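What follows is one structure encoded as structure tokens, with my remarks underneath.
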Amino acid sequence: MRKLLFFITLLTLNSLLGQDKTPNIILLIGDGMGLTQISAGMYANDNSTALEGFEYVGLSKTHAIKQLITDSAASGTAMACGVKTFNGAIGIDDKNQQHRSILELCKERGYATGLIATSSIVHATPASFYAKVPSRKQYEEIALQLSQHNVDLFVGGGEKYFSKRSDDRNLIQEMSQYKFVKNFREFKNATAEKIGFLTYNEEPPRKMEGRTPDLESLVETSLQKMESLGAPFFMMIEGSQIDWGGHANETNYVITEFQEFNLTIQKVLDYAKADGNTLVIVTADHETGGFAITGGNLDHAQVKGDFNTEGHSASMVPVFSYGPNSELFKGIYENTAIFDKMWFTVQGASE
Ligand code: MG
Ligand code: ZN
């Protein structure tokens, strides 16, 4: 009840102040990006991170509906759809009910929508925003669901799930309303309303192994494209491989993936500051590796890390927020509340 009153007060305040234009929402998910991953990346970056520019910090409880330690599908679904589910499930709850994602709810309200990942686009985190499947491993089915979706812009690897399928369908040909681009130059020049950029046939390589294009460049160009559609927009941007660095128990892998994500966060924050009506949320789906900083040298920006597991851990993860309604993201809450707060932002501003 207190919460409701608070929301109503906010609504009234917003309308009194005339801030009734629906805000853009940009959700940045660092997969496996716990507090130690952020700290390590920060110390390795001369003790600085773009996250210091955010207004509010909160903490999110990441557990799945039954399992204490979540996977990216259950946690992605929690943030995208606002429901706790079992590990491996995407867009459906433990009673097999499908749930609409914040991206889909935004789309219904006239938002433009975009998804960008440094994994394949059918991987659990991005899939949580458009697919409904009991298992995250159903990559071909997830690709099929994306082909029948109406996301305006998507960037990520995994082309083979669209064009070299066991059912012999070529989804790229079927998706005739999309302009598919083959490289960054084509992506920049594309003026179509719907754009697909499948960056790699399989999972994209590590940043350390030369993954291109840079996430920050992809995001900068995508922001221009989103803006050009003339509607408010929702975007989810994932730093996918921070998690894979944790699984590999490789400190340098974690740090180099974080550094690219950090540059991307800075680009988004700069955009939001200039725009004035963009809510930015940066968080993680869980921590990976039970990562700890066990040594290093501040003057030389060196970090020595150690790991407790090759899997995920159940630590809470930080949530950083900036822009309209950013104050809603302070405190401690379940990861499903991230959906609630975004959905409130979309509804609140248009009613
Ligand atoms: Mg992921
Ligand atoms: Zn993982």
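The values are calculated or read from the model by the stated rules, or taken from the named source; none is laboratory data. What you see is a predicted model; the values in this text were computed from it and never measured. Positions of Cβ are backbone-derived with ideal geometry, glycine not excepted, and every protein chain shown enters the neighbour counts. Quick note on the areas: whole protein, heavy atoms, side chains included, nothing else; ligands and nucleic acids left out. Shrake-Rupley method; radii C 1.70, N 1.55, O 1.52, S 1.80 Å.
At full extension, Arg169 and Gln302 could sit 43.0 nm farther apart than now, given 0.36 nm per residue minus the alpha carbon distance.
Electrostatic bookkeeping for Thr77 treats Lys and Arg as +1 and Asp and Glu as -1; over the other residues with beta carbon under 13 Å from its beta carbon, the sum is -2. With the whole protein complex present, Met208 retains an accessible surface near 90 Å², based on a 1.4 Å probe. Eigenvalues of the alpha-carbon gyration tensor of the chain, scaled by 5 and square-rooted, set the equivalent ellipsoid semi-axes at 27, 26, 21 angstrom, largest first. Summing Cβ point charges (Lys, Arg +1; Asp, Glu -1) relative to the Cα centre of the stretch 154-304 gives a dipole of roughly 420 debye. Computed from backbone phi with θ = phi - 60° and the Karplus coefficients 6.51, -1.76 and 1.60, the 3J(HN,Hα) list for the stretch 343-348 is 5, 4, 4, 5, 6, x Hz; x is used for glycine and proline. In this structure, the amide hydrogen of Phe180, modeled 1.01 Å from its nitrogen in the peptide plane, lies closer than 5 angstrom to those of Gly196, counting only residues at least 5 positions away or on a different chain. Heavy-atom accessible surface of the chain, averaged per residue, reaches 41 Å², computed with a 1.4 Å probe. Taking every protein chain into account, the 1.4 Å probe leaves Asp31 with about 0 Å² of accessible area, to the nearest ten. With every protein chain in place and a 1.4 angstrom probe, the accessible-area ranking of Arg100, Arg169, largest first, reads Arg100, Arg169. In the chain, a dipole from Cβ-located charges (positive for Lys and Arg, negative for Asp and Glu) runs towards its positive end, and of Ala272, Gly58, Asn170 it is Asn170 whose Cα lies farthest in that direction. Annotation for the stretch 42-59 versus the stretch 22-38: alpha-carbon center distance of 12 Å. At what distance in angstrom do the alpha carbon centres of the stretch 310-338 and the stretch 113-147 lie from each other? That distance is 22 Å. For the stretch 2-350, the Cβ-based charge dipole about the Cα centre amounts to some 780 debye (Lys, Arg positive; Asp, Glu negative; other atoms uncharged). Tell me, what % of the accessible area of the chain is carbon and sulfur with a 1.4 angstrom probe? After summing per-atom areas, the C and S share lands at 49 percent.
Between the C-alpha center of the stretch 174-201 and that of the stretch 240-301 there is a gap of 27 Å. Ligands, DNA and RNA excluded, the heavy atoms of Glu202 present near 90 Å² of accessible surface to a 1.4 Å solvent probe. The distance between label points at Lys188 and Lys330 comes to 4.1 nm (points 7 Å beyond Cα on the Cα→Cβ vector). Residues Glu209, Glu216, sorted by accessible area with the largest first, give Glu209, Glu216 [1.4 Å probe; ligands and nucleic acids excluded].
Think of it as helices only: each DSSP H run of n ≥ 4 in the chain is worth -39500 (n - 2.57), and spread over all residues that comes to -11000 deg cm²/dmol at 222 nm. Which residues among the stretch 146-185 fall inside the zone where the amide N is under 18 Å from a point 7 Å beyond the Cα of Glu202, along Cα→Cβ? Zone members listed by number: 156-166. Which pairs in the list Lys21/Lys267; Lys84/Lys132; Lys21/Lys179; Lys84/Lys194; Lys164/Lys207 are over 20 Å apart, alpha-carbon to alpha-carbon? The answer is Lys21/Lys267; Lys21/Lys179; Lys84/Lys194; Lys164/Lys207.
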